[in-house]
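Values in this text are rule-based calculations from the coordinates and carry no lab data. Values in this document were obtained by computation on a predicted structure and should not be read as measured data. Neighbour counts run over all protein chains shown; Cβ positions are idealised from the backbone, glycine included.
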Amino acid sequence: MKEEDILLKKLGKEDSFKVPDGYFENLTSEVMNKLPEKEKVVFKEEPVSTWTRLKPLLYMAAMFVGAALIIRVASSERKSVADIDVAVTEIETEVVSDEMIDMALDRAMLDDYSLYVYLSDASVE
């Protein structure tokens, strides 16, 4: 506390930082006057070539062709449901092994009760 009292006696309680009168009223105009003049930029319109105009359309067409090819390749490996039904109906029931029936039931995801209901409905008709 003694150091503070000594400093207060030497310096006083007055605010030592003062701004001249009217400083902030003229500040904006003085700063703007000191800035250098801006050069005006003139843009020249360059002619747009045909390639520049067609490039986005060609890219989009290439994208659609690529997507169609990918879909075509991905779907060609799978057989349609109609082909599978024909193949199943052509197989004689006497030749079908138990392994094939088990595999078909696993793929059909039928439990025993659902299979029983399905077979009893088919035999009634």
Q) How much length, in nm to one decimal, is gained on full extension between Ala61 and Ser120, taken as 0.36 nm per residue of separation minus their Cα-Cα distance? A) 15.8 nm
Q | Counted charge near Leu27, where neighbours are those whose Cβ lies closer than 14 Å (Asp, Glu -1; Lys, Arg +1) | A | -2
Q. All other residues with a Cβ under 14 Å from the Cβ of Glu99 taken together, and with Lys, Arg as +1 and Asp, Glu as -1, what is their net charge?
A. -2
